[in-house]
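Working notes, structure below.
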Amino acid sequence: MISCNKRLEAIPFGGLYEIFGKANKLERQGKRIIHMEIGRPDYDSPDFAKEAVKKALDKGQVHYTDVNGIEPLRRAICEKEERRFGLKYDYETEISVMCGAAEAIGVIMLSMMNPGEEIICPSPFFSAYREQAIIAGVKLVEVPVLMADNWELKIEEIEKRITKNTRMILINSPNNPAGYVLNKENLEKIATIAKENDLIVLSDECYDEFIYGQEHVSISTLEGMRERTLVVKSTSKSFSMTGWRVGYVLGPSNAIKYLNKVHQNFSTCVTAFAQWGAVEAFKYGDEFIDNMVKEFKRRGDYLYDAFTKIDGIKMIKPKGAFYAFPDITAFGMSEADFCNYLMEEAGVVGVPGTSFGDYGKGHIRLAYCRSFDEIVEACDKVKEALGKL
Ligand SMILES: Cc1ncc(COP(=O)(O)O)c(C=O)c1O
């Protein structure tokens with residue numbers, strides 16, 4: 001009988017995909033379902049990127065590439081980072097292209113952390129963080145970020161969790177699932193703690209483009225932070241390329257070379273023709289991004305206005321990413337029961353907040369990356385269903 005290692009036993013089966021599976025089953029039975037559980041934009045990937053993949057295939061770009069990514073892609077990414085965010089990284093030594101941000105985060109944990117060391121992470125957080133920490137044999141220490149505090153990160157909450165084993169702070173702004181954005185002042189405080197305690201900062205900036213009404217600031221740009229920060233980004237959300245599996249890490253060369261050791265032994269490189277397509281996305285995709293983000297703002301604004309009119313729902317307007325994370329405690333149901341009720345009664349599928357860490361309690365997450373018409377329909381149906389309780 002084959003058994004898994006002891007660490008994996010701490011990771012439950014199913015999670016988000018269990019909800020997805022149940023929703024799909026109801027859909028097959030003929031029920032109208034609005035999928036707001038999965039965080040993937042409803043847009044197709046840009047045509048010019050898809051065309052470039054076809055050409056790459058015809059030209060035989062089907063073999064292993066450089067471990068850290070093909071040179072044209074590394075160049076195109078670094079140019080885009082400088083053009084849109086003022087980040088300056090050397091395409092030869094300070095970037096590695098990985099199989100999505102997911103691989104990048106796992107690789108960072110495996111290459112930078114020693115077993116038993118601790119990562120401090122504001123909670124709620126993207127659920128894979130916890131599971132990747134388990135896989136890497138390290139401890140994720142949750143720091144509460146609460147809606148009652150306007151989703152403000154309280155620096156003293158980080159400070160009091162620092163131990164001799166703390167090695168990394170993992171931040172995610174704009175945030176999945178809470179929709180908050182860390183401003184420069186917050187980031188300065190995190191930077192001070194990182195410098196005082198000699199910590200690495202893993203900054204997951206996958207939603208850098210999805211920001212409404214303010215500027216995205218990367219902690220790597222603050223004084224003394226470039227050398228201790230690993231910035232993770234992805235094509236998944238910005239270019240609606242979730243299935244392409246193209247993400248990347250920007251960081252100091254003395255860290256990137258070690259990440260490549262792990263990446264090389266896990267995946268060798270990202271799929272060759274996907275990389276060639278991604279080159280075009282980084283070169284010519286600015287307008288695509290801007291149009292999509294404008295539309296997402298319209299959807300988020302609509303959802304916020306509609307939800308805050310529903311008795312019992314409390315919510316803060318998302319400043320970034322594309323998730324609503326309302327407080328549902330007034331209904332006196334568990335997060336899972338609430339999601340099941342919405343799925344069965346309204347056909348609207350959300351995720352229990354507890355999937356995003358201990359401090360997701362009392363919330364559900366609804367991804368508003370569905371069409372505007374679906375958002376309108378979902379809001380009406382949720383209102384009607386909750387009115388029956
Ligand atoms: C905060 C965050 N980080 C990383 C990822 C993983 O993205 P990728 O598709 O690039 O692996 C996601 C995906 O939902 C995410 O929400």
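Just one residue in the set Lys54, Lys31, Lys22 is in a loop (DSSP other than H, G, I, E, B), among the basic types (Lys, Arg) and over 13 Å from Phe239 (Cβ atoms); that residue is Lys31. Only residues that are among the aliphatic types (A, V, I, L, M), over 15 Å from Gly353 (Cβ atoms) and touching a strand residue (DSSP E or B) at 6+ places or on another chain (Cβ under 7 Å) were counted in the range 280-338, giving 1.
Based on this model, can you work out whether Val143 counts as farther than 25 Å from Glu209 by Cβ, crowded, with 20+ Cβ neighbours inside 10 Å and more than 12 Å from the chain's Cα centre (by Cα)? In short, yes. Within the range 308-332, the only residue that satisfies the criterion of being among the charged types (D, E, K, R) and within 16 Å of the ligand (Cβ to nearest atom) is Lys319. Against the conditions (1) crowded, with 23+ Cβ neighbours inside 10 Å; (2) within 8 Å of the ligand (Cβ to nearest atom), Thr242 satisfies every one except (1). Summed over the range 37-94, the residues that are more than 16 Å from the ligand (Cβ to nearest atom), within 28 Å of Lys261 (Cβ to Cβ) and not small (Gly, Ala, Ser) give a count of 25.
Meeting the requirement of 2 or more residues that are under 20 Å from the mean Cα position of the chain (by Cα), the helices (runs of 4 or more DSSP H) wholly within the range 284-389 are 286-307. Look at the range 308-319: where a residue is more than 12 Å from Val181 (Cβ to Cβ) and a partner is assigned to a loop (DSSP other than H, G, I, E, B) and among the hydroxyl-bearing types (Ser, Thr, Tyr), sitting 6+ places away or on another chain with Cβ atoms under 9 Å, you get Lys314/Thr308; Met315/Thr308.
Once the range 246-266 is narrowed to residues that are part of a loop (DSSP other than H, G, I, E, B) and within 21 Å of the chain's Cα centre (by Cα), the residue that is surrounded by the most Cβ atoms within 10 Å (Cβ to Cβ) is Val246. For the range 100-111, the candidate set comprises residues that are in contact with a Ser or Thr (Cβ under 7 Å, 6 or more places away or on another chain) and under 15 Å from Ile256 (Cα atoms); within that set, the residue that is nearest to the ligand (Cβ to nearest atom) is Ala101.
Quick grid of which residues meet (1) among the hydroxyl-bearing types (Ser, Thr, Tyr); (2) at pLDDT 95 or above; (3) assigned by TED's automatic domain parsing to the domain that holds Gln132; (4) buried (at least 17 other Cβ atoms within 10 Å of the Cβ):
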{"residue": "Gly15", "(1), (2), (3), (4)": "no, no, no, no"}
{"residue": "Ala52", "(1), (2), (3), (4)": "no, yes, yes, yes"}
{"residue": "Lys55", "(1), (2), (3), (4)": "no, yes, yes, no"}
{"residue": "Asp58", "(1), (2), (3), (4)": "no, yes, yes, no"}
{"residue": "His63", "(1), (2), (3), (4)": "no, yes, yes, no"}
{"residue": "Val67", "(1), (2), (3), (4)": "no, yes, yes, yes"}
{"residue": "Glu71", "(1), (2), (3), (4)": "no, yes, yes, no"}
{"residue": "Glu81", "(1), (2), (3), (4)": "no, yes, yes, yes"}
{"residue": "Arg84", "(1), (2), (3), (4)": "no, yes, yes, no"}
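Annotation: of all residues in the range 112-125 being buried (at least 24 other Cβ atoms within 10 Å of the Cβ) and in a loop (DSSP other than H, G, I, E, B), the one that is farthest from the ligand (Cβ to nearest atom) is Pro124. Condition test on Arg130, is it at pLDDT 95 or above, within 16 Å of the ligand (Cβ to nearest atom) and not in a strand (DSSP E or B)? It is true that Arg130 is at pLDDT 95 or above, within 16 Å of the ligand (Cβ to nearest atom) and not in a strand (DSSP E or B).
Is at least one residue of the range 196-212 more than 12 Å from the ligand (Cβ to nearest atom), hydroxyl-bearing (Ser, Thr, Tyr) and within 22 Å of Gly357 (Cβ to Cβ)?
no
The values are calculated or read from the model by the stated rules, or taken from the named source; none is laboratory data. Owing to the predicted nature of the structure, the values given are computational and were not obtained by experimental measurement. Cβ coordinates were reconstructed from backbone atoms using ideal geometry, including for glycine residues, and neighbour counts include every protein chain displayed.
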